Structures are given as structure tokens and as C-alpha cells.
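Chemist: For reference, the structure I am asking about is given below.
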Amino acid sequence: MQHETPVRFGALLSIAWLLVPIGGCDSGLRNADVRMGLDRARRENKLVLVEYVQLNCPHTARMDRDILLDRGVRERMKDFVRVRRNVRLNEEEARALNVAVTPTFLVYRADGTQVDRHDGAMSADDFRRFLIRACIKW
């Protein structure tokens, strides 16, 4: 499910490979770590990748175990600031974004404008294509 028009999301993102804890704090929108992530994305001229996950989700576990450790995916991830959000701890936020499955990946510019979205797990090749497409749309 992709949005045709840009979606403003405010402050929602964090740092690449130094992940924000996936807890909740005022739905995360005013979380200091999230603001730091947006600032970092702005300073480093990167996009932000927000992952909505559930800790007990087998699809999230497969993405973590197999896909996100793939060398090609890791190389592509260098263009992104990464943040994880626990759907159960951020239910209102997830509901507002129509997150119905985990994992769900949303890509934002540092100003909070949504660039791309993918709902559900992917293969390493599909995930790399998703990241490339997001960079092209940027």
C-alpha cells in the first residue's frame, strides 16, 4: 500500500544501526530519541526508515535474522537512519498510520514527509529494491 500524496509525519525517526528502544513515549512523536534521529538524518542528508514490529512476530524475526543481515541490504541501509517502533507499545500511532501487519516499513525524508511504504516481510532482493526505489523517489 503506497500513498500517492506526501504524508507529513512530524518527528518520527532515529539512528542507523544504533536503534531506538522500541518502547513507547507519548506515541513517540515527541520522543527525544526520535528528534535526534530526524536531526541526524538532516545533518547526514539521509532518509529515515521506520519499522513497525512486534517482538513475537515470526515475520519480523525472519526479517531481523535473515534479511536485515544480508550484505547487500546492509550496504543499502547506509543511506538511511533506522528506527523501530513496537506496534503494541505504540498502538495509537500505528492505528493512525494504518499499520495492520508487521513488519511495516515506512520511509520519510528528514522533514517528515513520507516517501514510500511497504507492509509485510520481503526477501533480501525485494527489500533492496524497496530501499532503492525510496532513494529514487527522494
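Values in this text are rule-based calculations from the coordinates and carry no lab data. This structure is a prediction, so every number in the text was calculated from the model and none was measured. All Cβ positions, even for glycine, are placed from backbone atoms using ideal geometry, and neighbour counts span all protein chains on display.
Chemist: Would you be able to say whether some residue in segment 106-127 is under 11 Å from the mean Cα position of the chain (by Cα), of a type in the set (Phe, Trp, Tyr) and not in a loop (DSSP other than H, G, I, E, B)?
Modeler: The answer is yes; a qualifying residue exists.
Chemist: Right, something else. For residues in segment 45-62 being touching a residue at least 60 places away in the same chain (Cβ under 8 Å) and farther than 23 Å from GLY112 by Cα, which is surrounded by the most Cβ atoms within 10 Å (Cβ to Cβ)?
Modeler: THR60
Chemist: Mind checking which residues of segment 63-85 are crowded, with 20+ Cβ neighbours inside 10 Å and either aromatic (Phe, Trp, Tyr) or within 12 Å of the chain's Cα centre (by Cα) (or both)?
Modeler: PHE80, VAL81, ARG82, VAL83, ARG85
Chemist: Given the conditions (1) surrounded by fewer than 22 Cβ atoms within 10 Å (Cβ to Cβ); (2) outside any strand (DSSP E or B), and given that LEU38 satisfies all but one, which numbered condition is not satisfied?
Modeler: So LEU38 meets the others, but not (1).
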